[in-house]
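Structure first, then comments.
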Amino acid sequence: MVNQQNFPIGIFDSGVGGTSIWKEIHTLLPNENTIYLSDSKNAPYGEKSEQAIIDLSIKNTSFLLKQDCKLIVVACNTATTNAIKILRQKFDIPFIGIEPAIKPAALKTKTNTIGILATQGTLNSALFEKTANTIDQKIIRKEIIGNGLVNLIEDGKLYSSEMTALLKSYITPLLAENVDCLVLGCTHYPYLIPQIREIVGHKIQIIDSGEAVAKQTKAILAKFKLQNTSTLKSKHEFYINKNKATLEMLVQSEKENVRFIETDF
Ligand code: DGL
């Protein structure tokens, strides 16, 4: 039997945002090889139909499985909330998904009012509604669709005046609505934390799910006895079909043993 332990972890997102999750995984599991797929050509997923998101997620998974990935991290809230159930039915491999961290926010809030910034596809999904129904129903949820944010990040305009204006229009109203926790429900958004802090100061706690996903990945690798046992330095391949410069900018501090490959898939 082939020893799968030293095979890479596969990670995909609609674009470059899932690298925020890749960084958490690489920090917690530095020994693991990874293959990241950034489907930037089709971003944003958040404005697509559920079926289109499912089809793209199947395509991304098939690509990663052809590269012998031992486990798949769906580093995209939109793909997880719309497609992970189907992926688990279709493919015989462990999947880790990511959902907006509304459960931790519900436990942390003192004002019983939380903000959730996510894509339309995530906020409208049945899985998000199901999770939202499990939290204390006296908690008020202020849901904001972050239209335009993913496009600006994909174009590398993280610190542009357009970004500041868009963020202000989405987030400033929360300050008047007694929100004390803001959930970042899209893996692109952790790259906006400094800009969001400029707007909200320290009045609001910013919560994302990256660290929890890395811990879950570690736990699932252990459960299936899939931890990498090699003593070689880990290798990382990033496949991207558009916006390579943005990807390189976001992952630049980690250049050693990292390859960026621009290709169609
Ligand atoms: N990173 C994706 C997410 O977590 C972005 C979605 C999109 O492409 O609209 O939802």
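The values are calculated or read from the model by the stated rules, or taken from the named source; none is laboratory data. Only a predicted model underlies this, so the values are computations on that prediction, with no experimental measurement involved. With ideal geometry, Cβ positions are generated from the backbone for all residues, glycine too; neighbour counts draw on all protein chains shown. We work out accessible area using only protein heavy atoms, side chains counted, and drop any ligands, DNA or RNA first. Shrake-Rupley method; radii C 1.70, N 1.55, O 1.52, S 1.80 Å.
The sole residue among 114, 93, 144 that is within 16 Å of the ligand (Cβ to nearest atom) and at pLDDT 95 or above is 144. Contact map, the stretch 134-158: first residue more than 16 Å from residue 170 (Cβ to Cβ), second residue open to solvent by 60 Å² or more (accessible area, probe 1.4 Å), Cβ cut-off under 8 Å, separation 6 or more or different chains; pairs are 134/103; 135/103; 154/242; 156/245; 156/249. Screening residue 9 on (1) away from the ligand (no atom under 15 Å from the Cβ); (2) within 21 Å of residue 65 (Cβ to Cβ); (3) at pLDDT 95 or above; (4) open to solvent by 10 Å² or more (accessible area, probe 1.4 Å) shows it passes everything except condition (4). Out of 21, 54, 84, one residue alone is aliphatic (A, V, I, L, M) and closer than 26 Å to residue 232 by Cα. It is 21.
So that you can scan it fast, the table gives a plain yes or no per residue for (1) in contact with a strand residue (DSSP E or B) (Cβ under 6 Å, 6 or more places away or on another chain); (2) of a type in the set (Val, Ile, Thr):
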site: 15; (1), (2): yes, no
site: 22; (1), (2): yes, no
site: 28; (1), (2): no, no
site: 31; (1), (2): no, no
site: 34; (1), (2): yes, yes
site: 43; (1), (2): no, no
site: 49; (1), (2): no, no
site: 72; (1), (2): yes, yes
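State the number of residues belonging to the stretch 97-110 that are among the charged types (D, E, K, R), under 14 Å from residue 131 (Cβ atoms) and assigned to a loop (DSSP other than H, G, I, E, B). Walk me through it before giving the result.
Step one: list which residues in the stretch 97-110 are among the charged types (D, E, K, R), which gives 99, 103, 108, 110.
Add one more test, that the residue is under 14 Å from residue 131 (Cβ atoms), and what stays is 99, 103.
Okay, now just the ones that are also assigned to a loop (DSSP other than H, G, I, E, B), so 99.
Number of matching residues: 1.
Residues 43, 105: which one is in contact with a Cys (Cβ under 6 Å, 6 or more places away or on another chain) and surrounded by 19 or more Cβ atoms within 10 Å (Cβ to Cβ)? The conditions single out 105.
For the stretch 72-96, which positions are part of a loop (DSSP other than H, G, I, E, B) and touching a residue at least 40 places away in the same chain (Cβ under 8 Å)?
75, 76, 94
Residues in the stretch 132-160 that are open to solvent by less than 30 Å² (accessible area, probe 1.4 Å), part of a helix (DSSP H, G or I) and within 20 Å of residue 188 (Cβ to Cβ): 5 in all.
Residue 66 - would you say it is more than 12 Å from the ligand (Cβ to nearest atom), over 25 Å from residue 235 (Cα atoms) and basic (Lys, Arg)?
On the way: more than 12 Å from the ligand (Cβ to nearest atom): yes; over 25 Å from residue 235 (Cα atoms): no; basic (Lys, Arg): yes.
No.
Confirm whether residue 257 is surrounded by 17 or more Cβ atoms within 10 Å (Cβ to Cβ) and modelled with pLDDT under 95. For residue 257, the condition - surrounded by 17 or more Cβ atoms within 10 Å (Cβ to Cβ) and modelled with pLDDT under 95 - is not met.
Among the residues of the stretch 187-206, write down those that are open to solvent by 10 Å² or more (accessible area, probe 1.4 Å) and either closer than 20 Å to residue 99 by Cα or within 22 Å of the chain's Cα centre (by Cα) (or both). Give the steps one after another, and end with the answer.
First, the residues of the stretch 187-206 that are open to solvent by 10 Å² or more (accessible area, probe 1.4 Å): 190-191, 193-195, 197-199, 201-203, 205-206.
Hits for the stretch 187-206 are 190, 191, 193, 194, 195, 197, 205, 206.
Within the set 37, 56, the sole residue that is of a type in the set (A, V, I, L, M, F, W, C) and either part of a helix (DSSP H, G or I) or away from the ligand (no atom under 14 Å from the Cβ) (or both) turns out to be 56.
Residues in the stretch 13-34 that are open to solvent by less than 20 Å² (accessible area, probe 1.4 Å), away from the ligand (no atom under 14 Å from the Cβ) and β-branched (Val, Ile, Thr): 25, 34.
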